[in-house]
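Below is one structure, written out as C-alpha cells, with a few remarks after it.
The values are calculated or read from the model by the stated rules, or taken from the named source; none is laboratory data. Being a predicted model, the structure only gives us computed values, none of them experimental. In this analysis, Cβ positions are derived from the backbone assuming ideal geometry, glycine residues included, and neighbour counts consider all displayed protein chains.
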Amino acid sequence: MGDLMPGRRPPTGLRLLARKPLTARRAGIAIAVTTLVVTLAGALSAWILDRDDFASLGDALWWSVQTVTTVGYGDVTPRGTEGRLIGAVVMLAGIGFLTVVTAAITAAFIEGARRRLGASGERAVAEALKELSDRLERIERRLDER
C-alpha cells in the first residue's frame with residue numbers, strides 16, 4: 001500500500017490491513033472493530049456533549065447501541081445538534097457494518113457454490129466447446145466441398 005501522503009507513514013490500522021491481502025473476513029473484522037469503537041466513542045461523546053438528552057452514561061450507551069444496530073426504539077433521542085451529528089456518525093457505522101456482514105455471507109455462499117460446481121462446470125464448458133469445434137470443422141469441410 002502506498003503512502004497516503006509523500007513522506008508520511010499511513011496510520012497504524014492501515015499498515016496492519018496492508019500487510020496481508022484484504023479478504024471478506026478481514027474486512028468484516030476491521031469494520032466490526034471500527035463499529036465497536038464508533039459506538040463507544042459515540043456514547044461517550046453524546047454523554048459529555050449533550051447532558052440534557054443523556055443524563056447518564058448508561059442512557060448514552062443504550063442509545064448508541066440502538067442507533068448502530070439500526071433498531072432505534074426512540075426511548076432515548078438527541079434533540080441537540082451535537083447529539084444528532086454524533087447519531088449520524090453512529091448510524092453510518094452501523095449501516096457499514098451490516099453491509100459488510102451481508103457481503104461476507106453472500107461471498108461465502110457464492111464461493112461454496114463455485115467449489116461445488118467448479119470441476120463439473122468446467123468439464124461441461126470444455127465438452128460444449130469441443131462439440132462446437134467439431135461442428136465448425138464439419139461445416140468448413142462441407143463448404144470446401146462446394
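Some notes on this structure:
- Count of segment 94-113 residues which are surrounded by 11 or more Cβ atoms within 10 Å (Cβ to Cβ) and over 16 Å from the mean Cα position of the chain (by Cα): 2
- Subset of segment 90-143 that is of a type in the set (D, E) and at pLDDT below 90 - its residue that is nearest to V68 (Cα to Cα): E111
- Taking each residue of segment 47-67 that is part of a helix (DSSP H, G or I) and looking for partners that are acidic (D, E) with beta-carbon atoms closer than 7 Å, six or more apart or interchain, yields L49/E82.
- Selection within segment 70-93 - under 13 Å from A43 (Cβ atoms) and within 17 Å of the chain's Cα centre (by Cα): V89, V90, A93
- Residue list for segment 32-44, filter: crowded, with 20+ Cβ neighbours inside 10 Å and either of a type in the set (S, T, N, Q) or under 15 Å from V101 (Cβ atoms) (or both): T35, T39
- If only residues of segment 73-87 that are of a type outside the set (D, E, K, R) and outside any helix (DSSP H, G or I) are counted, the one that is surrounded by the fewest Cβ atoms within 10 Å (Cβ to Cβ) is G74.
- Any hit, segment 114-127, residues being in contact with a Gly (Cβ under 8 Å, 6 or more places away or on another chain), of a type in the set (A, V, I, L, M, F, W, C), surrounded by 10 or more Cβ atoms within 10 Å (Cβ to Cβ) and in a helix (DSSP H, G or I): no
- Cross-chain or 6+ apart pairs with Cβ under 8 Å, segment 93-119 first and among the aliphatic types (A, V, I, L, M), then outside any helix (DSSP H, G or I): I95/T70; L98/T70
- Every residue from segment 45-72 that is aromatic (F, W, Y) and either out of contact with any helix residue (DSSP H, G or I) (no Cβ under 6 Å at 6 or more places or on another chain) or surrounded by fewer than 14 Cβ atoms within 10 Å (Cβ to Cβ) (or both): W62, W63
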